[in-house]
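The values are calculated or read from the model by the stated rules, or taken from the named source; none is laboratory data. Given the structure is predicted, the values throughout are model-derived calculations rather than measurements. Heads up, the Cβs are rebuilt from the backbone with ideal geometry, glycines too, and the neighbour counts pull from every protein chain shown. With ligands, DNA and RNA removed, areas are computed over all heavy atoms of the protein, side chains included. Shrake-Rupley method; radii C 1.70, N 1.55, O 1.52, S 1.80 Å.
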Amino acid sequence: MKSVLRALVIACCMTLTVTGARSAEILISTENTADHFQTIFLQKFAATLNSEISEHRFRVIHSAQAFKDRDVAEALSTGRIAMAAPGIWHLGRFSADLNALLLPSFMGLGSADVRKIVDGDFGTRLNQSLEKNLNVRVLGRWLDLGPAHIFTRNVAVNHFGDLRGLRIRYAGGEGNALRLKAMGAIPVLIPWPNVPDALDRKEIDGLLTTTSTVVSAALWKHGIAHAFLSYSYYPFYVPLISHDVWARLKPATRDIILQVWEDMIDDGRKLAVTHQQASLITAAQNNIDIADPGMAERQKQRLVLLAHQGELAATAGISQSAVRTLTQIAGQP
């Protein structure tokens, strides 16, 4: 693995120093597996760029072979990788107001409602903050992941109260940890590539993630037997390119990259929705028992969590202006 990573880093460095050479690669990192819809979308994106840009070759490195997503933002910032699309839960460290999207106000919101927020003025401000703090360029509108739910091994969760005392893995994001604590669960931060082993070793009772992610890694083979449709939050992937790489690209190449992403993102978002729906069926076919508490119980839990929202926001470093803006958009009971 060390030799592979070294080769990838060397290839990445070529993108910073070689101009006009067809062999210069621009690497796109993701920690998701080859079967995950995000990897599939990024590979289509790379293939389209390769058909339109002659002086570079774009290539996706999946399954955390280059970097885990928790580390990839800093790798982008320093130019050790050219492109990536980490989840918002990994980026709150660099723009605290991103954590606002993990607050209880957004529990249970649908894709259309959340997209209005991230595609609007607030999303623009978040992008500007990331670009300033991380030395990156945001390529355009964010790619959906889909609603995040709770998946467990031995203990069936049929109501939110059943989460009390369970060790639940989360991918990142202070808001996710705080929300799990508020519901009585024990949040455990584990990078995605290490999740199957953690399940096998029974270090965790379950995880907060999406059906697509569970299916992409066939987590039923690692003991996952229950799904609780909590609609805890709506995660996105943010498309980023290292500013050091961006500055060395020709203006025409930059324009093509931005336009190709914009041309593809609506289909990518549709792919996310359909893949989540199909993955729920696949999960059931592999004997994962699916419990849906229903809208009424989810709304009741949302109201309970809203009582703690100010405390959660302060702990996560979210600005009061962001809380006011987002709660106004999301609506309060």
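Rounded to the nearest 20, the size of the Cβ-charge dipole of the chain about its Cα centre is 460 debye, with Lys and Arg at +1 and Asp and Glu at -1. At an R0 of 25 angstrom, the distance between the Cβ atoms of Ala156 and Gln65 translates into a FRET efficiency of 0.10.
For the chain, what relative contact order do you get, as a whole percent, if you take Cα pairs closer than 8 Å and at least 6 residues apart?
Numbers: 615 pairs, mean separation 80.7, N = 333.
Answer for the chain is 24 percent.
Backbone geometry of the range 312-329 corresponds, through the Karplus equation with coefficients 6.51, -1.76 and 1.60 at θ = phi - 60°, to 3J(HN,Hα) couplings of 4, 5, 5, 5, 7, x, 7, 5, 4, 5, 5, 4, 5, 4, 6, 5, 5, 5 Hz, x marking Gly and Pro. Between Lys132 and Lys44, what is the FRET efficiency for a Förster distance of 30 Å, r being their Cβ-Cβ separation, to the nearest 0.05? Result of the calculation: an efficiency of 0.50.
Each label point was placed 7 Å from the Cα along the Cα-to-Cβ direction; for Leu258 and Glu55 their separation is 1.8 nm.
For the chain, which whole-number percentage of the solvent-accessible area (1.4 Å probe, protein heavy atoms only) is attributable to carbon and sulfur atoms?
Numbers: 6960 of 13600 Å².
Within the chain, the accessible surface is 51 percent carbon and sulfur.
Close amide H pairs (under 5 Å, H built 1.01 Å from N) link Ile26 with Arg57, Phe58, Arg59, residues at least 5 positions away or on another chain. Rolling a 1.4 Å probe across the protein heavy atoms gives the chain an accessible surface of 41 Å² per residue. Between the listed residues Ala291, Ser279, Ala156, the Cα displaced farthest toward the positive end of the dipole of the chain, a dipole computed from Cβ unit charges relative to the Cα centre, is found at Ala156. Based on C-alpha pairs under 8 angstrom that are at least 6 apart in sequence, the range 88-189 has a relative contact order of 32 percent. Considering only the other residues whose Cβ falls under 15 Å of the Cβ of Ser321, what net charge follows from Lys and Arg at +1 and Asp and Glu at -1? Summing Lys and Arg as +1 and Asp and Glu as -1 gives 0.
By the helix-only formula, in which each DSSP H run with n ≥ 4 contributes -39500 (n - 2.57) and the sum is divided by residues, the chain has a 222 nm mean residue ellipticity of -14500 deg cm²/dmol. Computed extension gain for Thr78 through Thr124, at 0.36 nm per residue and net of the alpha carbon distance, reaches 14.3 nm. Loop-resident trypsin sites (Lys or Arg not before Pro) (DSSP state other than H, G, I, E or B) in the range 140-239 with no more than 11 further Cβ atoms inside 10 Å of their Cβ: Arg164, Arg201, Lys202.
Taking Cβ atoms as reference points and 14 Å as the exclusive limit, the residues near Leu189 contribute a net charge of +3, counting Lys and Arg as +1 and Asp and Glu as -1.
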